[in-house]
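Please read the structure below before turning to the comments.
The values are calculated or read from the model by the stated rules, or taken from the named source; none is laboratory data. In this text, all values refer to a predicted model and were calculated from it rather than measured experimentally. Note that we place each Cβ from the backbone using ideal geometry, even for glycine, and neighbour counts take in every protein chain shown. Surface areas here come from the heavy atoms of the whole protein model, side chains and all, with no ligands, DNA or RNA. Shrake-Rupley method; radii C 1.70, N 1.55, O 1.52, S 1.80 Å.
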Amino acid sequence: MNGSTNVSVVDGKQVIQINAKGGYAPRVTTAKANMPTVINVQTNGTYDCSSALTVAAVGFRKSLPASGVTPIEVPPQQPGATVKGVCAMGMYNFAVNFN
């Protein structure tokens, strides 16, 4: 695939798994460009600032539930594009690099 173990393709959509608790893991993900993408942000007893997530590139700003999965739809990105997520305090972040 592309070396990132948190990326899979389901029904023609790229699905990226990000865990949010005390920050985001993995911090950097490599994904395929020109493909509809969903970032699934998983929380599990998350009460720190990483539960308040902003993904500016797609206009997402939300407080995530303490536990659960929140899907974030990302339209197909050009090669070289980066979609970043950041917590409310700016302490934690993650990046998805498309190529």
(request) Just one of (1) surrounded by fewer than 16 Cβ atoms within 10 Å (Cβ to Cβ); (2) touching a Cys at 6+ places or on another chain (Cβ under 6 Å) trips up residue 50, so point out which. (result) (1)
(request) Please find, within the stretch 8-32, the residue that is nearest to residue 68 (Cα to Cα) out of those that are without any contact (Cβ under 8 Å) to a residue 60 or more places away in the chain and of a type in the set (D, E, K, R). (result) 21
(request) Would you mind telling me which numbered condition in (1) in contact (Cβ under 8 Å) with a residue 12 or more places away in the chain; (2) of a type outside the set (Lys, Arg); (3) assigned to a strand (DSSP E or B); (4) open to solvent by 30 Å² or more (accessible area, probe 1.4 Å) residue 78 fails? (result) (3)
(message) Between 19, 40, 44, which is under 20 Å from residue 86 (Cα atoms), modelled with pLDDT of 95 or more and surrounded by 17 or more Cβ atoms within 10 Å (Cβ to Cβ)?
(response) 19
(message) Among the residues that make up the stretch 46-62, is at least one of them part of a loop (DSSP other than H, G, I, E, B) and over 16 Å from residue 92 (Cα atoms)?
(response) yes
(request) Considering every residue within the stretch 15-25, establish whether at least one is small (Gly, Ala, Ser), closer than 18 Å to residue 98 by Cα and over 13 Å from the mean Cα position of the chain (by Cα). (result) no
(message) Can you tell me which residue is nearest to residue 80 (Cα to Cα) among those in the stretch 26-35 that are surrounded by 14 or more Cβ atoms within 10 Å (Cβ to Cβ) and more than 13 Å from the chain's Cα centre (by Cα)?
(response) 33
